[in-house]
Amino acid sequence: MSAANAPAMAAPIRETGTITAIRPAGTRALLVELSTLEAVLALAARLAESPLPGQLDALSAAATVLVKFDSPNAARKAAAAIRALDLGTAPTGTGRLVEVEVNYDGADLAEVAALTGLSPEGVIAAHTGQTWRAAFGGFAPGFAYLLGENTALHVPRRSTPRTAVPAGAVALAGDYSAVYPRQSPGGWQLIGHTDALLWSLERESPALIRPQDRVRFIPARPALRLHAGTTPSKHDAGTSPAGTAEAMVGTAEATAEATGQQAGSLLVVCAGLQSLIQDLGRPGLGDLGVSAAGAADPSAARQANRLVGNQAGDAVVENLLGSLVLRAESDQVLAVTGARTALRITPADPSRSERHPAQDAPFALLDGETLTLDPATEGLRCYLGVRGGAAVAKVMGSRSTDLMSGIGPAPLAPGSRIPVGPVRGAHVVGSPEPSTLRPLPASGTATLRITPGPRDDWFGGAGMAALAGQDWLVGAASNRIGIRLELADGGMPVPRLRDGELASEGVVWGALQVPPSGLPVLFLADHPVTGGYPVIAAVVPEDLSAAAQLPPGTRVRFVPANPATPTDTPSHQGTRS
């Protein structure tokens with residue numbers, strides 16, 4: 001791949017179009033529909049220049065702008081303000097020319113040929129024979145939606161998205177093409193792969209392809225790609241992608257050195273199934289394809305910090321289902337919240353007895369002592385706070401690990417160390433508190449409140465009745481990206497009123513996206529910032545902590561939120577929405 005060095009040419013001023021609809025997307029966001037892509041770009045430019053009161057993020061897509069706010073009240077007031085805006089003119093820069101070499105060996109190449117009526121060779125010729133325009137970013141860091149010069153390769157998304165699309169996959173969906181920057185879920189049709197590195201935090205501009213850039217795809221010729229005596233550029237080789245958790249952070253010792261301050265450390269003896277460093281995330285970067293991430297259960301994370309006297313946004317350990325073992329390498333004050341687990345402290349001196357501190361209360365872990373979290377008996381995620389916070393290096397303003405994008409610290413592993421930051425200010429250790437974990441009712445079915453939209457009109461009354469009128473099961477393939485819902489006995493998929501494709505658009509944490517299979521996916525903390533399947537409803541922010549604590553196999557029922565219930569109280573999400 002390469003980028004042309006010639007200066008960008010000015011494009012003519014374009015008429016922008018109009019706002020055609022404003023739809024609620026959950027309680028704290030608005031999905032603004034516009035008549036043209038130029039209108040999308042113009043509105044995004046206006047909101048970037050003059051943010052509305054309470055505005056957190058504005059995410060452009062093919063025909064919409066998703067605007068997120070810090071409260072339901074701010075979102076309600078913004079609707080009238082957006083309708084009154086003069087969109088002006090769209091941005092005029094055309095960006096750079098970027099060339100990307102592609103090996104056309106994708107798993108869906110034959111399917112795309114059948115859908116378009118072309119031969120596989122014809123698909124390749126159509127893909128390489130036009131210049132693609134990067135209209136907007138989204139889905140994942142470095143993922144750019146590329147609009148072609150014609151519709152010869154218009155194809156629908158897959159009826160069921162893949163759980164893992166490999167990094168470098170070159171794909172088609174609707175009128176767009178794209179390259180997946182890293183392994184992630186996805187429903188696009190795969191026609192090839194490239195070794196080009198789409199996202200790297202080692203570059204001044206991490207994204208190889210930015211909005212308004214022009215892209216040409218070139219068939220790769222493996223025998224000619226490397227000449228004798230040359231070595232690949234670190235930005236061209238895809239084998240060691242900078243920007244992944246491993247490349248950016250490495251060991252905990254390295255991150256402690258990067259922070260410049262440390263108040264001891266915790267040695268990881270056993271990390272359990274999965275243990276991650278999390279804070280309250282990195283909101284406001286949706287236009288770069290970077291989701292907020294952060295603790296999947298913010299209520300439990302905030303409580304862990306509160307109990308040890310930290311700030312609410314300090315970094316904690318998020319552990320999946322217990323079985324975490326840590327050894328103190330200096331005296332520390334800890335607290336464990338979230339999923340229910342028994343705690344055991346083994347002293348360094350074998351002649352001394354074990355201690356069994358309570359959850360949801362601060363306790364001391366002295367130098368040389370070992371803390372063990374037994375397997376969780378209720379809930380899914382435990383949170384361990386340490387006084388001073390986990391002092392790993394910040395990446396893009398946050399210490400959180402984003403499994404969707406690979407941004408942030410690497411998952412904890414045996415032998416790694418968690419550096420502990422110094423205590424700043426006069427923050428006292430808290431008193432024991434009730435658990436934030438919402439217990440299951442006697443029926444064994446968890447309930448989550450929802451608000452309809454923004455695409456409930458794709459499903460109508462029958463679709464909403466199917467969503468809210470039956471129990472669903474939390475699927476085994478669920479993770480921090482989302483809960484994949486499965487049918488309970490006698491259940492039925494969510495039916496649609498409309499066929500066809502929805503242009504990709506911004507989605508919120510808590511969105512219930514419904515692919516053609518009719519089996520909803522509930523987006524959690526690491527969700528992609530855009531999606532191409534219609535969102536029938538969104539779980540209210542106040543219930544997202546409870547959703548994050550549902551183990552696979554749990555029965556779930558969605559119930560309409562009571563419109564009379566106040567929703568402007570402070571959210572457990574802080575500034576994330």
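Please get the size of the charge dipole for the stretch 49-177, origin at its Cα centre, with Cβ charges of +1 on Lys and Arg and -1 on Asp and Glu, quoted in debye to the nearest 20. It would help to have the intermediate numbers written out before the result.
Details: 9 positive and 12 negative charges, 122 e Å.
It comes to approximately 580 debye.
Around R158, what is the net charge, scoring Lys/Arg as +1 and Asp/Glu as -1 over all other residues with Cβ under 13 Å from its Cβ?
Once all neighbours under 13 Å are counted, the net charge is -1.
Over the heavy atoms of R555, what accessible area does a 1.4 Å probe trace out, to the nearest 10 Å²?
Roughly 90 Å² of R555 is accessible to a 1.4 Å probe.
Put +1 on the Cβ of every Lys and Arg and -1 on every Asp and Glu Cβ in the stretch 159-227; which of S200, A173, L190 then has its Cα farthest towards the positive end of the dipole?
L190
May I ask you to work out the translational diffusion coefficient for the stretch 300-442 at 10 °C, viscosity 1.306 mPa s, via Stokes-Einstein with Rh from the Kirkwood sum over Cα pairs, reported in whole µm²/s?
The Stokes-Einstein estimate is 102 µm²/s.
Could you compute how much accessible surface Y383 exposes when probed at 1.4 Å, giving the result in Å² to the nearest 10?
Approximately 0 Å² of Y383 is accessible to the 1.4 Å probe.
Between beta-carbons, use under 13 Å as the cut-off and find the net charge around I209, counting Lys and Arg +1, Asp and Glu -1.
+4
Work out the length of the dipole vector of the stretch 80-129 about its Cα centre, built from +1 on the beta-carbon of each Lys and Arg and -1 on the beta-carbon of each Asp and Glu, and round it to the nearest 20 debye. If you can, show how the numbers build up before the last one.
On the way: 2 positive and 7 negative charges, 81 e Å.
My answer is approximately 380 debye.
Label the chain by shape, choosing from rounded, prolate and oblate, from the square roots a ≥ b ≥ c of the eigenvalues of the Cα gyration tensor; if a/c is under 1.5 it is rounded, and otherwise prolate applies when a/b is larger than b/c, oblate when it is not.
prolate
Give me the extension gain from A342 to R557: residue separation times 0.36 nm, minus the current Cα-Cα distance, reported in nm with one decimal.
Length gained, A342 through R557: 74.5 nm.
Magnitude of the Cβ-charge dipole of the chain, K/R +1 and D/E -1, about the Cα centre, nearest 20 debye? Intermediate results must be reported in sequence, preceding the final value.
Numbers: 45 positive and 51 negative charges, 104 e Å.
Computed charge dipole of the chain: roughly 500 debye.
In Å², and per residue, what accessible area does the chain have when probed at 1.4 Å with the other protein chains present?
In whole numbers, the chain has 39 Å² accessible per residue.
Would you kindly derive the ³J(HN,Hα) couplings of the stretch 141-146 from the backbone phi angles with the Karplus curve 6.51 cos²θ - 1.76 cosθ + 1.60 (θ = phi - 60°), listing them in order in whole Hz, with x for Gly and Pro?
x, x, 7, 10, 7, 9
Once the stretch 493-567 is represented by equal point scatterers at the alpha-carbon sites, with solvent omitted, what log10 I(q)/I(0) does the Debye formula produce at q = 0.11, 0.14, 0.16 Å⁻¹?
So the normalised log intensities are -0.31, -0.51, -0.66.
Would you please give the FRET efficiency between A114 and D457, computed as 1/(1 + (r/R0)^6) with r the Cβ-Cβ distance and R0 = 25 Å, to the nearest 0.05?
According to the calculation, E is roughly 0.20.
For the chain, give the percent of accessible area contributed by carbon and sulfur heavy atoms, probe 1.4 Å, rounded to a whole number. Don't jump to the answer; show the numbers that get you there.
Details: 12570 of 22640 Å².
Carbon with sulfur: 56 percent of the solvent-accessible area.
If we restrict to alpha carbons, what Rg and Dmax does the stretch 391-459 come to, in Å?
20.1, 54
For S405, what is the net charge nearby, where nearby means another residue's Cβ is under 9 Å from its Cβ and Lys, Arg count +1, Asp, Glu -1?
Every neighbour counted, the sum reads -1.
The values are calculated or read from the model by the stated rules, or taken from the named source; none is laboratory data. What you see is a predicted model, and the numbers here were worked out from it, not measured in a lab. All Cβ positions, glycine included, derive from the backbone under ideal geometry; neighbour counts span all protein chains shown. Each accessible area value is taken on the protein alone, full model and side chains, heavy atoms only, with ligands, DNA and RNA left out. Shrake-Rupley method; radii C 1.70, N 1.55, O 1.52, S 1.80 Å.
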